[in-house]
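The values are calculated or read from the model by the stated rules, or taken from the named source; none is laboratory data. Note that the coordinates shown come from a computational prediction; the quantities given were computed from them, not determined experimentally. All Cβ positions, glycine included, derive from the backbone under ideal geometry; neighbour counts span all protein chains shown.
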Amino acid sequence: MLPGRGVAAHVNGGVRLLGATDVRNMAAKLGVHPTKKLGQNFVVEPGTVRQIAALAAPRTGDVILEVGPGLGSLTLALLEAAGPAGASAVCGTAVRDGVRGVPPGSGLPLRLLAVEIDPVLAAELPKTIADRAPDLANRVRVLTADALAVGEREIGEPAPTVLAANLPYNVAVPVMLHLLAALPSLRRGVVMVQAEVADRMCAGPGSRVYGVPSAKLAWYADARQAGTVPRGVFWPVPNVGSKLVAFSRREPPPTTASREEVFWVIDAAFGQRRKTLRAALAGWAGSAAQAERALRAAGVDPGARGETLTVADFARVAEARRG
């Protein structure tokens, strides 16, 4: 359970957070009716967004990417976490471990890029920030776009280093995988997703919910569950529970196989998860016999099933098939 529930919206460091009444009034003014198609469930409880901002923990030199800011509840909390002058969580230009931009610790002004697919909400967000966080308004840029279609070119500079998002349930995993692939500058972050999706994202080999999301996310990052979110903090109240997932990027397993080749193996292995890998990978390899040869060359038991393999195992299988 998240701490801090029941905390009223108030001014902290010049930022006024949104409460339930604020959110409903803003939606009514804009004629916004939350839709399932866009996965819109707005957070109306300040303690929740404060906890997400605390978990995101932006440091000096970071750049925050927020996906789906909606009416701005989390956006304001992320700005609040920076303090009145951005001293405690300052964000600068791009970080790619020294490859491009300015490294953490540079002390540059806070930067936050909000990517919002709904043009009405995207147009309103700068006004909300100007009203409720006037001292920090010039540090925020809003991009009207689909998060599944943005990359380094669309994002531009400064490149984001931290992801913070309340992700729509129906596209949470695709958005995460796309952003981690398209934006190598992202080093860590926290996302709020459907509880069942969080379980799958964080599962390890041997778990009954370990599958495609678990293995593919493990290519990019270490993920862990970071809290349970009550349904009552949303408007409208969803039919399912939510959880927070925190992640830190790590290097993919060493392999000569490409990410696409490894992901093909993962998809094939879990496409028929009740079957042994010898059978499940037959179509991918060309035949069951060829699948067995690749598996044995990779040091993997052909009689095993996909849910027992780590992402490094899948990489070895992909590499063996190339050979």
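Annotations
- Residues of the range 202-216 that turn out to be aliphatic (A, V, I, L, M) and closer than 19 Å to residue 251 by Cβ, as a count: 1
- As for the range 240-260, it holds at least one residue that is modelled with pLDDT under 95 and in the same structural domain as residue 21 (by TED's automatic domain parsing).
- Inside the range 157-189, residues that are farther than 25 Å from residue 260 by Cα and over 14 Å from the mean Cα position of the chain (by Cα) make up a count of 2.
- Per-region count, the range 256-290, residues in contact (Cβ under 8 Å) with a residue 60 or more places away in the chain, surrounded by fewer than 20 Cβ atoms within 10 Å (Cβ to Cβ) and farther than 17 Å from residue 180 by Cβ: 3
- Just one of (1) in the same structural domain as residue 41 (by TED's automatic domain parsing); (2) under 22 Å from residue 174 (Cα atoms) fails for residue 234. It is (2).
Residues checked against (1) more than 20 Å from residue 56 (Cβ to Cβ); (2) in contact (Cβ under 8 Å) with a residue 24 or more places away in the chain:
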position: 197; (1), (2): no, yes
position: 205; (1), (2): yes, yes
position: 218; (1), (2): yes, yes
position: 227; (1), (2): no, yes
position: 233; (1), (2): no, yes
position: 242; (1), (2): no, yes
position: 246; (1), (2): no, yes
position: 251; (1), (2): yes, no
position: 295; (1), (2): yes, yes
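- Considering (1) at pLDDT 95 or above; (2) out of contact with any Lys or Arg (no Cβ under 8 Å at 6 or more places or on another chain); (3) surrounded by fewer than 22 Cβ atoms within 10 Å (Cβ to Cβ), the lone condition that residue 113 does not fulfil carries the number (2).
- When residues of the range 307-323 are limited to those that are in contact (Cβ under 8 Å) with a residue 60 or more places away in the chain and not in a helix (DSSP H, G or I), the one nearest to residue 276 (Cα to Cα): 309
- Residues located in the range 184-209, provided they are small (Gly, Ala, Ser) and more than 17 Å from residue 164 (Cβ to Cβ): 195, 203, 204, 206, 207
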